[in-house]
Amino acid sequence: MASSSSPLVFSVKRCAPEFVRPTNPTPREVKQLSDLDDQEGLRFQVPVIMFYPNNPLMKGKDPAKVIKEALGKALVYYYPFAGRLIEGDNRKLMVDCTGEGVLFIEADADTTLENLGDSIQPMCPCYEELLYDVPGSRGILGSPLILIQVTRLRCGGFIFALRLNHTMSDGPGLVQFLSAISEMTQGLSVPSLLPIWQRELLNARNPPRITRIHHEYEEVTNTKGTLMAMDENNLVHQSFFFDLKEIRALRNRLPASLGACSTFEVLIAYVWRCRTIAFAVDPDEVVRISCLINMRGKRGFDLPPGYYGNAFVYPASITKAGMLCKNPLEYAIRLLKKAKAEMSQEYMKSVADLMVIKGRSSFTQPGNYIISDLTHAGFGEVDFGWGKPVYGGVARALSNISFCMRFRNSKGEEGNVIPICLPPPVMERFEQELKRMTKEAEPVRLITSKL
């Protein structure tokens, strides 16, 4: 297992934050979010980062100015992003479309893309410099819904970093907005895919009724005390890279009777199992994993093209920790497949109804590992005129939330990367368990950045 944890030192000079508003007048109205959008578990900010190399064809053009101009044009069509959230009865979230704008920061860094090396990844150790936390901007209500920082590099490349209020959009919805900005940078005056609001499509029924079992929202009270709480101030942040050879080695351990398995299912079952062992959970303790399932393009879901709200649920697989840790990898994969098979329009409606009945519940925290498959989200395809990014995706994991993304490392190897954050002693045991499980194959590469 290789580690790259050398310190990365450079300075960033930032201009004062400013608001970018729609370039043309937009409707002054209040728009409700869906009952999936405004659940407690999505009331947080999600960071995204993209690293762009120099393009000689763009010589003389300033990426910050190009993107800022295009952003104002795109906000004419995506004007709710320029508003502010307010809360109504039963904690219902709505967008007050004030046109106040999104926060935008221009910056310069005295480094190059080449110097960043293995820091071009999720859990980038210089993350705070590349996405400045403007004081007073992190709130869910009454704050800017998007913050963007464009940092120019000495080599002519740049870094695009963004923070989104998750209640507004999921990954594919955000990529749709970024693609509209991309099209504006390249001369279009109207997005090729027009945005669709229609959040009522994912609202609760009248009357609401919970018709499915939702382990992902259960209140866990009678634990045995071994489901360690996650202190955000004492976590180690690391990214784990799996190349195609390593993924193939994991697949070779699975029986033919298991049937076809996606790369995501194999990797997540593997990580969940190692993570549970690392926490040293009591064998009789119930643990769970929640995998996000997006409804876009799924049969039976009538979401129109252009819908950019949150369009996913995350059904949970549950088992006793002892069963997960003692059984082979296929046991965890079967649990994942079973939970995914429960996904249906009825399941989605039941989640929306649960939100209304239980007052915007949050997902289960103790013993729950939540992971999202962003390998097909499209962050790596966003082109502002300089070409595609060398990496584009979520900037960091959260305490019990990870993301799986496509990644090409500094050696040019293709694979998947999963950022994870754990308490220091748990992370140490997690690495040891990964080594133990992969000792017959090529070791998983570790990219370390302790924040």
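The values are calculated or read from the model by the stated rules, or taken from the named source; none is laboratory data. These numbers come from a predicted model, not from an experiment. Positions of Cβ are backbone-derived with ideal geometry, glycine not excepted, and every protein chain shown enters the neighbour counts. Just the protein is used for accessible areas: all its heavy atoms, side chains included, with ligands, DNA and RNA removed. Shrake-Rupley method; radii C 1.70, N 1.55, O 1.52, S 1.80 Å.
Observations on the structure shown:
- Within the stretch 26-43, the set of residues being over 12 Å from A311 (Cα atoms) and among the hydroxyl-bearing types (S, T, Y) comprises T26 only.
- Conditions (1) in a helix (DSSP H, G or I); (2) open to solvent by less than 20 Å² (accessible area, probe 1.4 Å); (3) among the charged types (D, E, K, R): number failed by R360: (1)
- Checking each residue in the stretch 76-94 for being over 22 Å from the mean Cα position of the chain (by Cα) and of a type in the set (A, V, I, L, M, F, W, C) picks out V76, I86, M94.
- M348 vs. criteria in a helix (DSSP H, G or I), open to solvent by 40 Å² or more (accessible area, probe 1.4 Å) and out of contact with any Ser or Thr (no Cβ under 7 Å at 6 or more places or on another chain): no
- Close pairs from the stretch 189-205: first closer than 11 Å to Y77 by Cα, partner open to solvent by less than 30 Å² (accessible area, probe 1.4 Å), Cβ under 6 Å, at least 6 apart: P191/A180; L193/G306; L194/G306; P195/Y78; P195/G306; P195/Y308; I196/G306; I196/Y307
- Counted residues, the stretch 384-411 - those being touching a residue at least 40 places away in the same chain (Cβ under 8 Å) and open to solvent by less than 40 Å² (accessible area, probe 1.4 Å): 19
- Count - residues of the stretch 22-54 that are surrounded by fewer than 19 Cβ atoms within 10 Å (Cβ to Cβ) and either among the hydrophobic types (A, V, I, L, M, F, W, C) or over 28 Å from I120 (Cα atoms) (or both): 11
- Those helices (runs of 4 or more DSSP H) of the stretch 230-338 in which 2 or more residues are open to solvent by 30 Å² or more (accessible area, probe 1.4 Å) and closer than 30 Å to D35 by Cβ are absent.
- When each of E442, E414, E431, E381 is tested for being modelled with pLDDT of 95 or more, more than 21 Å from Q39 (Cα to Cα), open to solvent by 20 Å² or more (accessible area, probe 1.4 Å) and among the acidic types (D, E), the lone residue that passes is E381.
- Subset of the stretch 72-105 [at positive phi and open to solvent by 10 Å² or more (accessible area, probe 1.4 Å)]: N90, R91, G99
- Residue pairs whose Cβ atoms lie under 6 Å apart, sitting 6 or more positions apart in sequence or on different chains, and linking a residue in the stretch 147-175 that is touching a residue at least 24 places away in the same chain (Cβ under 8 Å) and open to solvent by 10 Å² or more (accessible area, probe 1.4 Å) to a partner that is among the charged types (D, E, K, R) and in a strand (DSSP E or B), are R152/D108.
- The stretch 124-137 residues that are more than 20 Å from R84 (Cα to Cα), paired with ones that are surrounded by 19 or more Cβ atoms within 10 Å (Cβ to Cβ) and of a type in the set (K, R) (beta carbon under 7 Å, 6 or more apart): Y127/R396; L131/R163
- Among the candidates S119, S143, residue that is within 23 Å of the chain's Cα centre (by Cα) and surrounded by fewer than 19 Cβ atoms within 10 Å (Cβ to Cβ): S143
- Taken as a whole, the structure places A180 among residues that are open to solvent by less than 20 Å² (accessible area, probe 1.4 Å) and farther than 20 Å from P17 by Cβ.
- Note on the stretch 363-374: among residues that are touching a Gly at 6+ places or on another chain (Cβ under 9 Å) and assigned to a loop (DSSP other than H, G, I, E, B), the one that is surrounded by the most Cβ atoms within 10 Å (Cβ to Cβ) is L374.
- Which listed residue, of K65, K31, is over 17 Å from I181 (Cβ atoms), more than 22 Å from the chain's Cα centre (by Cα) and of a type outside the set (A, V, I, L, M): K31
- The stretch 55-64 - residue that is closer than 26 Å to A377 by Cα and either free of Cβ contacts under 8 Å to residues at least 12 places away in the same chain or of a type outside the set (A, V, I, L, M) (or both) and, of those, surrounded by the most Cβ atoms within 10 Å (Cβ to Cβ): P63
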